[in-house]
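The values are calculated or read from the model by the stated rules, or taken from the named source; none is laboratory data. Everything quoted here is computed from the prediction, not taken from an experiment. We place every Cβ from the backbone using ideal geometry, glycine too, and count neighbours over all the protein chains shown.
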C-alpha cells in the first residue's frame with residue numbers, strides 16, 4: 001500500500017514544500033514506512049524510524065475497538081500524570097471529531113520530543129526525570145489541535161490523517177510535516193484538505 005501511494009505523497013511534498021510520510025501502528029510503536037521529502041527544514045525522521053505510541057504522539061490511532069484504546073494509550077504516561085491524562089482525553093476527542101490531528105511548532109525540537117518519548121517507553125527514568133518529562137509534555141500539549149482563526153498566521157509542525165482501513169494489516173496514517181512557516185489560516189485549511197484527499201485516495205491506488 002505504501003508503494004502504491006508513493007507517487008501521491010511525492011507530489012504533495014513537492015507541491016507544498018513539506019515532508020510527507022506514511023506511518024503505521026505497530027503494537028506500541030509508530031513506524032515510518034514511507035517518506036517523501038519536500039521541506040526546506042531539516043528533519044530527524046527516516047524510513048524505519050520508530051516512536052513510542054504514547055501521548056501526545058499517535059492520537060489518530062486511538063480507537064475504542066482498535067489495538068490502541070484511549071486508556072491503553074494514557075496508561076503509557078509516567079506515574080502521577082493525571083493532568084496529562086485529562087489533556088490526552090481532550091486531544092483524542094478533538095482528533096476524532098475533526099478527522100485529523102494538527103500540531104504547531106514550539107520551543108522544543110522534534111528530536112527532544114522523540115527523546116523524551118523514548119525515555120518513557122524504556123521505563124528506566126528516575127522520579128525526578130519523570131517529573132521533568134511530565135512538565136515538558138504538558139507544555140507541548142498546548143500546541144496540539146489548535147483552533148484555526150482567520151487573520152492569524154501559523155507555524156505548522158504537522159498534520160496527521162488516518163488512512164481508511166481497506167486491507168488487512170497495520171493501521172496507517174498520512175503525516176504532513178515541516179511546511180513553510182507563517183502560513184495563513186486559509187493555507188492551513190488547504191493543507192488539511194489536501195492531506196485528507198491524499199489519505200482518502202489510498203483505496204483507489206491499490
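Brief remarks on what is shown
- Condition met for residue 64 (surrounded by fewer than 16 Cβ atoms within 10 Å (Cβ to Cβ), free of Cβ contacts under 8 Å to residues at least 40 places away in the same chain, more than 15 Å from the chain's Cα centre (by Cα) and within 24 Å of residue 196 (Cβ to Cβ)): yes
- If the condition is being out of contact with any strand residue (DSSP E or B) (no Cβ under 9 Å at 6 or more places or on another chain) and surrounded by 13 or more Cβ atoms within 10 Å (Cβ to Cβ), then segment 133-163 contributes 133, 134, 136, 137, 138, 141.
- Scanning segment 162-193 for residues that are at pLDDT 95 or above, under 15 Å from residue 5 (Cα atoms) and either in a loop (DSSP other than H, G, I, E, B) or more than 16 Å from the chain's Cα centre (by Cα) (or both) yields a count of 0.
- Residue match in segment 2-23 (condition: touching a helix residue (DSSP H, G or I) at 6+ places or on another chain (Cβ under 8 Å), in contact (Cβ under 8 Å) with a residue 24 or more places away in the chain and under 22 Å from residue 119 (Cα atoms)): no
- Selection within segment 94-116: residues that are at pLDDT 70 or above and out of contact with any helix residue (DSSP H, G or I) (no Cβ under 9 Å at 6 or more places or on another chain). The member of this set that is nearest to residue 55 (Cα to Cα) is 114.
- Hey, residue 183 more than 13 Å from residue 100 (Cβ to Cβ) and touching a helix residue (DSSP H, G or I) at 6+ places or on another chain (Cβ under 7 Å) or not: no
- Annotation: residue 73 fulfils all but one of (1) surrounded by 18 or more Cβ atoms within 10 Å (Cβ to Cβ); (2) in contact (Cβ under 8 Å) with a residue 24 or more places away in the chain; (3) under 16 Å from residue 171 (Cβ atoms); the unmet one is (2).
- Residue in segment 12-20 that is farther than 23 Å from residue 193 by Cβ and surrounded by 14 or more Cβ atoms within 10 Å (Cβ to Cβ) present: no
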